[in-house]
Amino acid sequence: MKTVRANWRTTILVCRKCSKKLGGGFGPKGRTDLARALRDEAGLGKGRKAEAGVLEVECLKICPKHAVTVVDTARPGEWLVVKPETPLAEVAARLGLRG
């Protein structure tokens, strides 16, 4: 078995189904999905060399109306429901991403 090193200190899971239902809603113009907006806000690099990973995953089975479910794997007992009007800097700070 082979292992590959990654620089991630945490992984952020963003519900793809919630993001798709919103059709964006984040970023400066309100057209970016939350996963990409968080990567941009936190200034994360690409791939396994980034400080943290932001991944879109299949449905997390919370399905909030007009919001996106997010899980920080460093704190798996605390899931976030993020509405589009929430400032990205606030979301990034809550998730422990630099921004």
Q: Spot the failing condition for Val81; the list is (1) assigned to a loop (DSSP other than H, G, I, E, B); (2) without any contact (Cβ under 8 Å) to a residue 40 or more places away in the chain, and only one is missed.
A: (1)
**Q.** Enumeration of residues in the range 1-32 that are touching a residue at least 24 places away in the same chain (Cβ under 8 Å), in a loop (DSSP other than H, G, I, E, B) and either buried (at least 17 other Cβ atoms within 10 Å of the Cβ) or not small (Gly, Ala, Ser) (or both)
**A.** Val4, Arg5, Asn7, Trp8, Arg9, Thr10, Gly25, Gly27
Q | Index of the failed condition, Val91 passing every other in (1) at pLDDT below 95; (2) buried (at least 17 other Cβ atoms within 10 Å of the Cβ); (3) not small (Gly, Ala, Ser) | A | (1)
Q.
Tell me yes or no: at least one residue of the range 51-62 is over 28 Å from Val4 (Cβ atoms) and either crowded, with 20+ Cβ neighbours inside 10 Å or β-branched (Val, Ile, Thr) (or both).
A. yes
Q) What residue, of Glu78, Glu51, Glu41, is under 11 Å from the mean Cα position of the chain (by Cα) and of a type in the set (Asp, Glu)? A) Glu41
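The values are calculated or read from the model by the stated rules, or taken from the named source; none is laboratory data. All values derive from a computational prediction rather than experimental measurement. Counting neighbours? That spans all protein chains shown, and the Cβs are built from the backbone with ideal geometry, glycine included.
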